[in-house]
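The values are calculated or read from the model by the stated rules, or taken from the named source; none is laboratory data. Bear in mind the structure is a predicted one, so any value in this text is a computation, not a measurement. Neighbour counts are summed over all protein chains in view; Cβ atoms, including those assigned to glycine, are modelled from backbone coordinates with ideal geometry. Note: accessible area is taken over every heavy atom of the protein model, side chains too, but ligands, DNA and RNA are not part of it. Shrake-Rupley method; radii C 1.70, N 1.55, O 1.52, S 1.80 Å.
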Amino acid sequence: MELKGIKVNNYKSLIDYSLKGFSPVSILYGENNAGKSNVLELISIIFKRKKQFNGEELTDQLINFYTGVLEDFNYSFFENETANEITFTIDLTSNTKNCKVSDSDIKDVLGKTRNDELDFNFYGSIKHIQNSKNLALFEIERVQIDEIIAYTNNEKDGIHFFPEADSKKVNQSRYNQLFESLIEQFDDCVFFVPSHRDMLPIKFGSELEEIISPVKFKQFLYSLSLNEAQYDVFESINEIFDSEPFSFGNISFSKIDDELEIMVQKDGIRLPIKSLGSGVLQILYIIACIIYSKKEIICLEELEQNLSPKNQDLAIKKLKSLIRRDEAPNQIIISSHSPYFYEKNDKNSSYLLAKEGSRTVRKARNGEYPKKD
């Protein structure tokens, strides 16, 4: 699975804005408030499974990513105007081996065989729900798989699965199941690593933590090391942290002044990770997020935090080494203030974002505007 392009209108500062040509590792570069995080946030929002709204209250059940309700969303519309409907298209490719569909259905409906690539195009909108405090309705209104319309959702015809193959809706149950099998791979396929990665001190012996977060990261990693069922995940994180081109040492844990501390051992010397610098802990957290989440696409804010130029180089090499590794992502999209990433990364997958007034714009490396997509 790989994101190829996105086009959006009215999401925060993204007005009639598009990016295309994403590669396995892509860089969104620009100054503060240029709109880089808006792009990453929207990608994450699109593919999160959504809660449902019955007209009076939200249900806690998460059904799928392509229809549902977003909470606390009023400030996400351009200039906070909830009348500004957000529209977007997003394009991805995925291999048919990722689809839980029979070989006969792949051939009959899509004209493909197992291991062929498929192009997925999603067209959707986000609208404020009237008479609600801060809720928005998220809907994918059309899905195309290659050139085949697989799903439509509109006021006139309602929901229709594969309308060209079943124009009279006589086999909708079968096509519904086929559609779900084709796109369920996109449910929660994105993991967003935000820029706030502050690690707080944790008392040794605190209750074990099962959810990865920056605040309780030491606690989570320690819990993972004690979990027999998931110890292989801890081993993978440890092995990646201690391998080139970013080899710091082997991870273990210790009690120091009643606090839980991550220890790193290298060349016979064992030190608390904080002694190696905050950037090292940041990298360990990012590696853990990538390996533990097992998501196809990682959106990562500000990789350069607390890293010297030398370690920025090592960090980007480390991330590139993880691409398409077992249980690692197919794609990492990074926002950054660092000119190092922008200049050193492939020019075809580095994007310069800037702000003009309240709108995000894209510029070429020479500072000019590229031709409109």
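Taken residue by residue, the stretch 206-222 has no member that is in contact (Cβ under 8 Å) with a residue 40 or more places away in the chain, within 30 Å of Tyr123 (Cβ to Cβ) and among the small types (Gly, Ala, Ser). The set of residues in the stretch 65-81 being under 18 Å from Phe179 (Cα atoms) and open to solvent by 10 Å² or more (accessible area, probe 1.4 Å) consists of Tyr66, Thr67.
From the list Gly367, Gly277, the lone residue that is at pLDDT below 85, touching a helix residue (DSSP H, G or I) at 6+ places or on another chain (Cβ under 9 Å) and either open to solvent by 20 Å² or more (accessible area, probe 1.4 Å) or within 30 Å of Ile256 (Cβ to Cβ) (or both) is Gly277.
Within the stretch 30-62, being out of contact with any strand residue (DSSP E or B) (no Cβ under 6 Å at 6 or more places or on another chain), part of a loop (DSSP other than H, G, I, E, B) and open to solvent by less than 80 Å² (accessible area, probe 1.4 Å) holds for Gly55, Leu62. Restricting Thr87, Thr96 to those that are within 25 Å of the chain's Cα centre (by Cα), at pLDDT 95 or above and hydroxyl-bearing (Ser, Thr, Tyr) reduces the list to Thr87.
The combined condition, being more than 23 Å from the chain's Cα centre (by Cα), loosely packed, with under 14 Cβ neighbours inside 10 Å and at negative phi, is fulfilled by Glu228.
In the set Ile145, Ile159, Ile106, Ile183, only one residue is β-branched (Val, Ile, Thr) and touching a residue at least 60 places away in the same chain (Cβ under 8 Å); that residue is Ile183.
Every listed requirement among (1) touching a residue at least 40 places away in the same chain (Cβ under 8 Å); (2) more than 30 Å from Cys99 (Cα to Cα); (3) assigned to a helix (DSSP H, G or I) is met by Glu261 save one, (3).
Tallying residues that are open to solvent by less than 20 Å² (accessible area, probe 1.4 Å), in contact with a Lys or Arg (Cβ under 8 Å, 6 or more places away or on another chain) and assigned to a helix (DSSP H, G or I) within the stretch 287-333 yields 2. For residues that are in a loop (DSSP other than H, G, I, E, B) and open to solvent by 60 Å² or more (accessible area, probe 1.4 Å), scanning just the stretch 112-124, find the one that is nearest to Val8 (Cα to Cα). Filtering first and then ranking leaves Asn115. Return the total of residues in the stretch 245-258 being part of a loop (DSSP other than H, G, I, E, B) and open to solvent by less than 80 Å² (accessible area, probe 1.4 Å). Residues in the stretch 245-258 being part of a loop (DSSP other than H, G, I, E, B) and open to solvent by less than 80 Å² (accessible area, probe 1.4 Å): 5 in total.
Just so you know, in the stretch 11-65 the residues that are among the charged types (D, E, K, R) and in contact with a His (Cβ under 9 Å, 6 or more places away or on another chain) include one that is nearest to Ser195 (Cα to Cα), and it is Lys36.
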